[in-house]
1. Lys58: which lysines have alpha carbons under 22 Å from its alpha carbon, excluding same-chain residues fewer than 8 sequence positions away?
2. Using a cut-off of 15 Å between beta-carbons, work out the net charge of the residues near Ala49 (Lys and Arg +1, Asp and Glu -1, Ala49 not included).
3. Please sort 28-36, 41-49 by packing, taking for each peptide the average over its residues of neighbouring beta carbons within 10 angstrom, highest first.
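No value in this document is a laboratory result; all are computed from the given coordinates. What you see is a predicted model; the values in this text were computed from it and never measured. In this analysis, Cβ positions are derived from the backbone assuming ideal geometry, glycine residues included, and neighbour counts consider all displayed protein chains.
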Amino acid sequence: MFAKNLVANRGEIAIRVMRAPAANSASKPSPPTSEADKNAQHVQFADEAAFIGNAAPKESF
């Protein structure tokens, strides 16, 4: 079983994806995030985020 699931979406869709496995799995959803996204709703909703750098999202994703 995986310990983490990388959620490669942003915003509302990311929150929906993170809610779905939470009820059925022991793994934690983890969205990739840059410095620009650190206060975004989908990052705040997650238990843990995968920090990928300081660049703007279009440069770091």
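1. List returned: Lys38.
2. With Lys, Arg at +1 and Asp, Glu at -1, the net is 0.
3. 28-36, 41-49
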